[in-house]
Amino acid sequence: MEALFSYARLRQTAELIGVLSIDRTREGIAIKLTEKARVAPEKLLELVRLRAGVNFSPTGVLRLELSEEEKDYTLDIVRRLLLQIRADS
């Protein structure tokens with residue numbers, strides 16, 4: 001039941017920010033942002049600079065490598081990441 005609540009929280013956050021899709025990859029996750037995503041560029045750059053295994057492509061895809069331990073908490077990690085990079089209202 002907790003996984004369902006985590007999914008609902010993530011979906012709500014993703015819609016507010018402007019996420020097109022969130023996909024699992026072999027290494028972790030890939031988040032496709034819309035052109036008008038409510039993301040603070042400076043926060044996004046800081047994330048890419050400070051965390052190993054994070055990159056952002058010119059096509060608007062944010063990729064994050066996850067450790068084996070983190071893969072058990074993917075939904076919560078993605079939601080926290082989105083909240084971290086969102087633009088202030």
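Bridgeable aspartates and glutamates around residue 36 (alpha carbons under 15 Å apart, same-chain partners fewer than 8 residues away excluded): 15, 88.
Note on Kirkwood radius over Cα pairs in Å: of the candidates (1) 13.6; (2) 13.2; (3) 21.1, the value calculated from this structure sits at (2).
Which order results if 59, 34, 13 are arranged by neighbouring Cβ count within 10 Å, fewest first? Mind showing how you got there, number by number?
Numbers: 59 7, 34 13, 13 17.
By the 10 Å Cβ count, ascending, the order reads 59, 34, 13.
Give me the net charge of residue 57's neighbourhood, meaning all other residues with Cβ under 11 Å from the Cβ of residue 57; Lys, Arg count +1, Asp, Glu -1.
Counting the neighbours of residue 57, the net charge comes to +2.
Ordering 78, 61 by the number of other Cβ atoms within 10 Å of each residue's own Cβ, fewest first, gives 61, 78.
Read the figures in this text as sums done on the coordinates, not as results from a lab. Predicted model, so just to flag it, every value in this text is computed and none were measured. All Cβ positions, even for glycine, are placed from backbone atoms using ideal geometry, and neighbour counts span all protein chains on display.
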